[in-house]
Amino acid sequence: MKKYNITAADYDAILESQGGKCANQFCGTRDVGDSFSVDHDHSCCPENARSCGACIRGLLCSRCNLGIGLFDDSIESLKGIISYLEKWSVRQTS
């Protein structure tokens, strides 16, 4: 947790504030030990290999964290994927 400039107590407090679940409200994955990844805004501290700690967004399960990372935190890219999935969902139900 040194990499994110938080303590184990900070991690526990964040997890408690999330109800013991992934910060993605649509996911619902529950914590099993220290299994969640610390999600932070990568644009906050680009010159450092470490986070300042102020840019922590929450704790995510590995699937949600990986998904965001694969899309480089791009809201537009994720909206595009949602649009794509909605298009195919409508086609299949018509």
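The values are calculated or read from the model by the stated rules, or taken from the named source; none is laboratory data. Only a predicted model underlies this, so the values are computations on that prediction, with no experimental measurement involved. Glycine gets a Cβ as well: all are built from the backbone with ideal geometry, and neighbour counts include every protein chain shown.
Quick notes
- Selection of the stretch 38-71 for residues being in a loop (DSSP other than H, G, I, E, B) and of a type outside the set (A, V, I, L, M, F, W, C) yields ASP41, HIS42, SER43, PRO46, GLU47, ASN48, ARG50, SER51, GLY53.
- If only residues of the stretch 42-92 that are among the basic types (Lys, Arg) and over 20 Å from TYR4 (Cα atoms) are counted, the one that is surrounded by the fewest Cβ atoms within 10 Å (Cβ to Cβ) is ARG91.
- Taken as a whole, the condition of being aliphatic (A, V, I, L, M), free of Cβ contacts under 8 Å to residues at least 40 places away in the same chain and touching a strand residue (DSSP E or B) at 6+ places or on another chain (Cβ under 7 Å) does not apply to VAL90.
- Criterion: of a type in the set (A, V, I, L, M) and more than 16 Å from the chain's Cα centre (by Cα) - qualifying residue of LEU59, LEU78, LEU85: LEU85
- A single entry from ILE81, ILE14 fulfils the requirement of being touching a residue at least 40 places away in the same chain (Cβ under 8 Å) and either among the basic types (Lys, Arg) or assigned to a helix (DSSP H, G or I) (or both): ILE14.
- The listed residue being free of Cβ contacts under 8 Å to residues at least 40 places away in the same chain and surrounded by fewer than 13 Cβ atoms within 10 Å (Cβ to Cβ), out of VAL38, VAL32: VAL32
- Hey, THR7 of a type in the set (S, T, N, Q) and either modelled with pLDDT under 90 or surrounded by 14 or more Cβ atoms within 10 Å (Cβ to Cβ) (or both) or not: no
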